[in-house]
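Nothing in this text is a laboratory measurement; each read-out follows from the coordinates by a stated rule. Since the structure is predicted, the reported quantities are computational estimates derived from the model, not experimental observations. Reconstructed Cβ throughout: ideal geometry from the backbone, glycine too, with neighbour counts over all protein chains shown.
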Amino acid sequence: LNEWLTTEGEYMNSLLDFEDIGETTSCGYCKEVKNALYRCHTCIGGGNTNYCQRCTVGMHQGTPFHRIALWNEAAGCFQETSLCEIGLVIRLGHATPHTACPNPGTPLGITTVHINGVHNTTVQPCNCPSSKLLHLQLFDKRLFPASVHSPQTVFSFTVLDQFRYFHLEGKGSAYTFMNAIYRLTDDTGCIALQDRVREFRRIYRQWGSLQRNKASGRYGSSSQVLPLVVECPACPHPG
Ligand SMILES: [Zn+2]
Ligand SMILES: [Zn+2]
Ligand SMILES: [Zn+2]
């Protein structure tokens, strides 16, 4: 630990730099001087760089659940905000986030549960003639809807996978896992969060069923419906 004692101060300086905007008054991407500057706490590339609202939204089209903060000059600190609050909309129904839908639907507010917390997000359904129903459009964006009819809560595929390993290795329950997600969202207890454990347990069971069926190959290109169990080579088989 002697090595650590000599370098701890440098680590602390870097850590404190994350809390301060520094001398800059311009966006790190478009270079325009702006009053409102944002910093992403999730992007590795973000580091100590600050961006304007338009650039922050533009660079997060594919990563809408990053945690961002707005510099408050009067208070002298960064304040938590969200990409949804500054105008990011998740566009559904088309392969890439930058593809403009010619028939966009009315934007809807939905709650997304992701590995780094609960997010208020805005989604814009696609109303093109070949479009799927809303719950399937959400699923195509790797968001599992908690309801088929007018979904208002979705769970990211990542959070469902993460719980699988958390449960398998740590024997943790859905209740404790979701409590950790709530604390990641707000550890002060100042924000009233709706409890979504019941929906999470149900969706996780549905997710598990999909994963087992997928791994079994029974929904592959073969028209033959295969069983979920592994075929025993020692058992006698017809033919
Ligand atoms: Zn900019
Ligand atoms: Zn980011
Ligand atoms: Zn469309």
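Of the DSSP beta bridges with both residues in the chain, give the percent that are antiparallel, rounding to the nearest 5.
Values: 21 of 26 bridges.
If we restrict to bridges inside the chain, about 80 percent are antiparallel.
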| Counting only residues 5 or more places away or on other chains, whose amide H sits under 5 Å from the amide H of Arg91 once H atoms are built in the peptide plane? | Gln124
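Kirkwood Rh and Cα-based Rg: tell me the resulting Rg over Rh for the range 1-83, rounded to two decimals.
Working: Rg = 14.4 Å, Rh = 13.7 Å.
Ratio of gyration radius to Kirkwood radius: 1.05.
Within the P(r) computed for the chain, what percentage of the Cα pairs occupies the region above 24 Å? Kindly include the intermediate steps, with their values, before the conclusion.
On the way: 16964 of 28441 pairs.
Tail of the P(r) past 24 Å holds 60 percent of the pairs.
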| message | I'd like the antiparallel share, as a percent to the nearest 5, of DSSP beta bridges with both residues in the range 100-212. | response | 80
| said: Rounding to the nearest 10 and keeping the result within 0 to 90°, find how far the Cα-based axis of helix 157-170 lies from the longest principal axis of the chain. | reply: 80
| remark: Computed Rg/Rh for the range 89-215 (Cα atoms; Rh = Kirkwood radius) stands at 1.00
| query | trypsin sites (Lys or Arg not before Pro), restricted to the range 91-154: which are DSSP loop and have at most 12 other Cβ atoms within 10 Å? | reply | Arg142
| query | the range 48-137: which GluC sites (Glu not before Pro) are DSSP loop and have at most 13 other beta-carbon atoms within 10 angstrom? | reply | Glu73, Glu85
| Out of Pro102, Leu133, Leu210, whose Cα points farthest toward the positive end of the dipole of the range 89-215 (charges: +1 Lys, Arg; -1 Asp, Glu; placed on Cβ)? | Leu210
| For the chain, what is the mean residue ellipticity at 222 nm derived from helices alone (per DSSP H run of n ≥ 4: -39500 (n - 2.57); sum divided by total residues; nearest 500 deg cm²/dmol)? | -10000 deg cm²/dmol
| So what's the gap between the Cα centers of the range 143-194 and the range 13-45, to the nearest angstrom? | 30
| Looking only at the range 131-154, which residues have a backbone nitrogen under 14 Å from a spot 7 Å from the Cα of Asn103 in the C-beta direction? | 131-134
| request: Please turn the phi angles of the range 106-112 into ³J(HN,Hα) values with the Karplus equation 6.51 cos²θ - 1.76 cosθ + 1.60 (θ = phi - 60°), one per residue in order, whole Hz, x for glycine and proline. | output: 6, x, 10, x, 10, 9, 10
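Under Stokes-Einstein, with the Kirkwood radius over Cα pairs standing in for Rh, what whole-number D in µm²/s applies to the range 113-162 at 37 °C and 0.692 mPa s? Before the final figure, lay out each step's value.
Details: Rh = 11.5 Å.
Approximately 286 µm²/s, per Stokes-Einstein.
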| query | So which lysines pass the test for Lys132, namely a Cα distance under 29 Å, with those fewer than 8 places away in the same chain ruled out? | reply | Lys141, Lys214
| query | Comparing Ser26, Ser147, Ser209, which has the greatest mean-square fluctuation in the GNM of the chain with Cα pairs linked when under 10 Å apart? | reply | Ser209
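Suppose every Lys and Arg Cβ carries +1 and every Asp and Glu Cβ carries -1, with no other charges. What dipole size does the chain come out with about its Cα centre, to the nearest 20 debye? Show your work: numbers first, answer last.
Numbers: 20 positive and 19 negative charges, 306 e Å.
Dipole of the chain, to the nearest 20 debye: 1480 debye.
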| task | Find which of Leu70, Trp4, Leu16 sits farthest along the positive direction of the dipole of the range 1-83, computed with +1 on the beta-carbon of Lys and Arg, -1 on that of Asp and Glu, about the Cα centre. | result | Leu70
| Taking a label point 7 Å from the Cα of His149 along the Cα→Cβ vector, which residues of the range 173-211 have an amide N closer than 13 Å to it? | none
| field | Dipole moment magnitude, nearest 20 debye, the range 1-83 about Cα centre, only Lys, Arg, Asp, Glu C-beta charged | value | 560
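Contour minus end-to-end for Leu1 and Glu19, with contour as 0.36 nm per residue of separation and end-to-end as the Cα-Cα distance?
Numbers: separation 18, 0.36 × 18 = 6.48 nm, distance 2.67 nm.
Gain on extension, Leu1 to Glu19, equals 3.8 nm.
Of all trypsin sites (Lys or Arg not before Pro) in the range 19-63, which ones are in loop regions per DSSP and have a Cβ with at most 10 other Cβ atoms within 10 Å? Write out the running numbers ahead of the final one.
Working: sites: Lys31, Lys34, Arg39, Arg54; in loops: Lys31, Lys34.
Taking the range 19-63 and a limit of 10 other Cβ atoms within 10 Å, the loop trypsin sites (Lys or Arg not before Pro) found are Lys31.
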| field | Contour excess over end-to-end distance, with Cα ends at Cys235 and Ala75 and 0.36 nm allotted per residue | value | 50.2 nm
